[in-house]
Protein chains: 2
Amino acid sequence: MSLTSSSPLTCAQSASLASHTLCILPLSSRNAALTAIHTALQENKSVILAANATDMTLAHQASANGQLSQSVLKRLDLSRPGKYEDMLKGILDVRDLPDPIGRVDLRTKLDEGLELERVSCPIGVLLIIFEARPEVIANISALAIKSGNAAILKGGKESSHSFEAIARVISHALAGTEVPSDAIQLVKTRDVIDDLLSLDRYIDLVIPRGGNELVRYVKDHTKIPVLGHADGLCSVYLHKDAADIKTMAVNVVMDSKCDYPAACNAAETLLVHESVLTTVLPDVAAALLDKGVSLRCDVKSKAALGECLTKSQAALLQDARAEDYDTEFLDLIIAVKTVPGEHDEAGQSQALATNGHVASSEEGSSDARDAHDPSLLAAIAHINAHSSHHTDCIVTASASAAEKFLSAVDSAGVYWNASTRFADGMRYGFGTEVGISTNKIHSRGPVGLEGLTIYKYKLRGKGHGAGEYGDGEGKRRYLHEKLEV
Amino acid sequence: MSLTSSSPLTCAQSASLASHTLCILPLSSRNAALTAIHTALQENKSVILAANATDMTLAHQASANGQLSQSVLKRLDLSRPGKYEDMLKGILDVRDLPDPIGRVDLRTKLDEGLELERVSCPIGVLLIIFEARPEVIANISALAIKSGNAAILKGGKESSHSFEAIARVISHALAGTEVPSDAIQLVKTRDVIDDLLSLDRYIDLVIPRGGNELVRYVKDHTKIPVLGHADGLCSVYLHKDAADIKTMAVNVVMDSKCDYPAACNAAETLLVHESVLTTVLPDVAAALLDKGVSLRCDVKSKAALGECLTKSQAALLQDARAEDYDTEFLDLIIAVKTVPGEHDEAGQSQALATNGHVASSEEGSSDARDAHDPSLLAAIAHINAHSSHHTDCIVTASASAAEKFLSAVDSAGVYWNASTRFADGMRYGFGTEVGISTNKIHSRGPVGLEGLTIYKYKLRGKGHGAGEYGDGEGKRRYLHEKLEV
């Protein structure tokens, strides 16, 4: 690792060169480097916390002047109970994960003596741009080394002292390992982001770790693929069959909204089937109001709640504006929208129910009804149009309605009777998380080490030429025999 | 399918909406649509060939005026023997492939009653921009429908009559199927490419099917991920241990260069270890010259060949310029470069051989020697710096040198004793090919149907909230039990 002040071009070129050495280091060498980083960070805790205290002092001043939010202050503070230990543990957790590199997932015998193999390998050079959290350096260095990728790290100015202290410790620790020093580079100089983002020849993937503004900026200023999500606008839909599972409904909505409202996987929109406005919604609303959540309601849901809640509760309800259904509040606010029931659809539901073709379909009448349930389709359409394709949930007792929702909602996470807050690499059991992606290619949802790998095709022959194969006389035919992996 | 003249925005929006219907169609419905397309194209062969003849007449005129190359003419011609039948067969081949959608590759029990599943699904909306080949419309429509993706197709002007005829036939065929008409849209109007490339909100992946210029243009003008390759600069390295397998060396180089020189997977650079300049290279060079290949040689290889070849052969040798090692000739030309042997490295090789650490390493002395063989590293470094990361090959009798090469060369295809021409979806046994990707994320190498899919995470619970889990007292722990898929 080097704490570099060289030009972005030099930095990217040397990282690219180093990636060619790093990519072939055996697991034992990569793991030894993680052990060395862990030991060094453990031994230098006081030095690093002292540097962090300097950042915190400056941040408190900025906060007092209204230039820095409380949440940034909180993220910056490495001295919070357990935080430093979590960082240390995270390195060992990554070390102890299975090797993501060298996994063979396809083997085909193309012909006698000609075997094809697809094997996982590192992507190459990662650019990680992050904001306040200083522990991200250790975290991302560990992930990059474990997956055999070189990384260029650029931290935010609030964490510059912590960042530099951690960088020096990691740099010193890596010097005694087989990881080349240019494989992990920490960029200190300011205003280099745009230059780095233009170096798509050397940098293969950008991972912005920070708020919406940072992610949007990165996405708008580079041709390098970006892994991440700008927004986390998650929804929960209370289906008409949620009436039988009211407790679940309350639990799922409460956890989705209140467990950690500032998280990307917190719910921002509550869709409610018309028929449960007075059965399920009042309990859900009362619980939310009790926790201080502001409910921004459409006309129907506000009217229904007005009748069912106490006067003092009802007085807290707000009117939703159209833009509330496109807003990531990241706060104790939720937008509530009524999904019209079937009887609103000008008899369409009845028409479907009596449609001989549908009723006699092999899917069974309940499935067929759900498949053509216009209110379910309306909820799905709302989510596909307004959600950020992060994580969306349906609360229902109906398995067929749930499965329809899970198939048709175009989001990284589609949940049935479970809080949107489960969208997380640790909770999914990936051991660690690079970030959460709302991309439609490569990696989607919580991204573990696997997201930092790609594959290559290895073909081993005995002098074979492609011209020998074909349909004509004297031509060889491919065997295409699948071999065990 | 619709042959649209609506605005690019309307086109992309309606394709996006249609993708939400298409993505949940069962395999039987998608396959039925492919059968319908096949039947219709079979029945309307004469109409389509008549339209193609019009394109050919215009193209011949353009060619006579020097405005169109012979290779474009050839690609445009649907009446060439077997070409129409190949197009028809391709549709049934795609139909008969396994369903790429709905494959579960991860199942984890997070807790009792809380199960996570990762399942493959369509990407969404594809934009395919292609040049002369009119059969690409049928091909890509089949791939898109099979994989549940909507597609917007934009063809080149040379194939406009063929394109329109095929489009009408496919459109009519699809009208009787469950595939929504906006799912496959054919854009006729000119000058819409830039507008389409800007619609990253609705279009998820661009696949340019055409020459280097088209691919570069697309890559430079969009934020939508692009699947493909601009260049195919492939290399073959004749390792020092190629002397024992001279016949293989000749066969691999000849097939790589001469089987189809205009292909992206043809070899453009021949690297030669110094020690085989007079043993293996002369036979290889004689065979290449015999087929009319121009050899652009560096000083050492030219001198060695000058001694070994006949005078008339040697007279054909050309001098390489530096840019030849960065040129995709797509023609009967190959750049030849000598890789210095160990004795040139100022005793470095000897120093390595006597290094106690290396000699006693558990890798074994032969492996260790290869791992530190400076000439092998030099060949790998040349390829990593100059190749287009498409497909590169080593010819050697040494397994350890070959494995080192396969691991360290950063290309989609890394071959040992096999022609670079094998880099192809059909040859790999994928049944069909969307294209060949030199991307470092998502899909690399020949891309089959799998490259048109992504996955989503489905989580099914019973009202679970994430706040119930943790390390504290009364908190639940995750089980993270892997289930069979």
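For the chain pair A and B, buried accessible area totals roughly 6000 Å², probe 1.4 Å, rounded to the nearest 100. A:Arg30 sits with roughly 10 Å² accessible to a 1.4 Å probe, with DNA, RNA and ligands left out of the calculation.
Computed from Cα atoms, the angle from the helix A:399-408 axis to the main principal axis of chain A rounds to 50 degrees. Across chain B, C-alpha contacts under 8 Å between residues 6 or more apart give a mean separation that, scaled by the residue count, equals a relative contact order of 19 percent.
Dipole magnitude for chain B: computed about the Cα centre from +1 point charges on Lys and Arg Cβ and -1 point charges on Asp and Glu Cβ, it is near 1400 debye.
Counting, for every residue in B:435-445, the Cβ atoms of other protein chains within 10 Å of its Cβ and taking the mean gives 5.
Relative to the longest principal axis of the Cα atoms of chain A, the long axis of helix A:136-146 lies at roughly 70 degrees.
Once R0 is set to 22 Å, what does the formula 1/(1 + (r/R0)^6) return for the Cβ-Cβ distance between A:Asp283 and B:Arg476, expressed as a FRET efficiency to the nearest 0.05? Working from the Cβ atoms, E equals 0.40. Placing R0 at 56 angstrom, the Cβ-Cβ distance between A:Thr10 and A:Thr57 gives a FRET efficiency of 0.95 after rounding to 0.05.
For the range A:253-327, the orientation-averaged shadow of the C-alpha convex hull comes to 4.8 nm² (one quarter of the hull surface). With the cut-off at 1.5 for a/c, could you classify chain B from its C-alpha gyration tensor as rounded, prolate or oblate? Here chain B falls in the oblate category. Among chain B residues, the beta-carbon with the smallest distance to the axis carrying B onto A is reported, with distance in whole Å, as B:His442, 2. Label zone (A:Thr189, point 7 Å along Cα-to-C-beta; backbone nitrogen cut-off 19 Å) within the range A:133-159: A:151-157. For A:Arg103, the label point sits 7 Å beyond Cα toward Cβ; its separations from the matching points on the remaining copies run 1.4 nm, from shortest to longest. Sparse packing (at most 15 other Cβ atoms within 10 Å of the Cβ) combined with a DSSP loop state is found for the following GluC sites (Glu not before Pro) in the range A:139-201: A:Glu178. With each label modelled as a point 7 angstrom along the Cα→C-beta vector, the B:Ser181-B:Ala385 pair spans 5.9 nm. With all projection directions averaged, the alpha carbon convex hull of the range B:381-435 covers 4.1 nm². A point 7 Å from Cα along Cα→Cβ stands in for A:Ser312, and the other copies hold the same point at 10.8 nm, listed in rising order. Ordering A:Thr108, A:Asn139, A:Ala150 by Cα displacement along the dipole of the range A:108-157 toward the positive end leaves A:Asn139 in first place; charges were set at the Cβ atoms of Lys, Arg (+1) and Asp, Glu (-1).
Given a 1.4 Å probe and the protein chains as shown, A:Met426 ends up with an accessible area of around 100 Å². Counting pairs of alpha carbon atoms under 8 Å apart in space and at least six apart in sequence, what relative contact order in percent does the range B:60-119 give? Once normalised by length, the contact order is 18 percent.
How high is the FRET efficiency from B:Val104 to A:Glu484, r the C-beta distance, R0 22 Å, rounded to 0.05? After rounding, the FRET efficiency stands at 0.65. Using only alpha-carbon positions in the range A:196-264, the gyration tensor eigenvalues give semi-axes of 39, 12, 8 Å once each is multiplied by 5 and square-rooted (largest first).
For q = 0.22 Å⁻¹, what log10 I(q)/I(0) does the range B:206-334 give under the Debye formula with an equal point scatterer on each alpha carbon and no solvent? Log10 I(q)/I(0), no solvent term: -1.26. Over the range A:2-220, Cα pairs under 8 Å with separation of 6+ residues give a relative contact order of 35 percent.
Applying both filters, DSSP loop and at most 16 other Cβ atoms within 10 Å, to the trypsin sites (Lys or Arg not before Pro) of the range B:276-324 gives B:Lys291, B:Arg321. The heavy atoms of A:Ser28 offer some 80 square angstrom of accessible surface to a 1.4 angstrom probe.
Does the range A:2-220 come out rounded, prolate or oblate, given a ≥ b ≥ c as the square roots of the eigenvalues of its C-alpha gyration tensor, rounded meaning a/c under 1.5 and, failing that, prolate meaning a/b above b/c? Note, shape of the range A:2-220 comes out prolate. Please compute the Kirkwood hydrodynamic radius of the range B:105-164 from all pairs of different C-alpha atoms, in Å with one decimal. One decimal place: 14.0 Å for the Kirkwood radius. Taking label positions 7 Å along the Cα-Cβ direction at both A:Glu450 and B:Leu92, the computed distance is 3.7 nm, reported to one decimal. Label-point spacing for A:Gln67 across the identical copies (point 7 Å from Cα in the Cβ direction), in nm and ascending order: 6.3. Seen against the Cα atoms of chain A and their longest principal axis, helix A:45-64 is set at about 50 degrees. The label point for A:Met426 and the one for A:Tyr260, both projected 7 Å from the Cα toward the Cβ, are 0.6 nm apart. Computed on the Cα trace of the protein assembly as shown, the radius of gyration divided by the Kirkwood hydrodynamic radius gives Rg/Rh = 0.99.
The GluC sites (Glu not before Pro) of the range A:400-485 that DSSP puts in a loop, and whose beta carbon has at most 10 other beta carbons within 10 Å, are A:Glu473, A:Glu484.
The values are calculated or read from the model by the stated rules, or taken from the named source; none is laboratory data. All of these numbers come straight from a predicted model, not from anything done at the bench. Quick reminder, even Gly has a Cβ in these numbers, built from the backbone with ideal geometry, and neighbours come from all protein chains shown. These area figures cover heavy atoms from the full protein model, side chains too; ligands, DNA and RNA do not enter into them. Shrake-Rupley method; radii C 1.70, N 1.55, O 1.52, S 1.80 Å.
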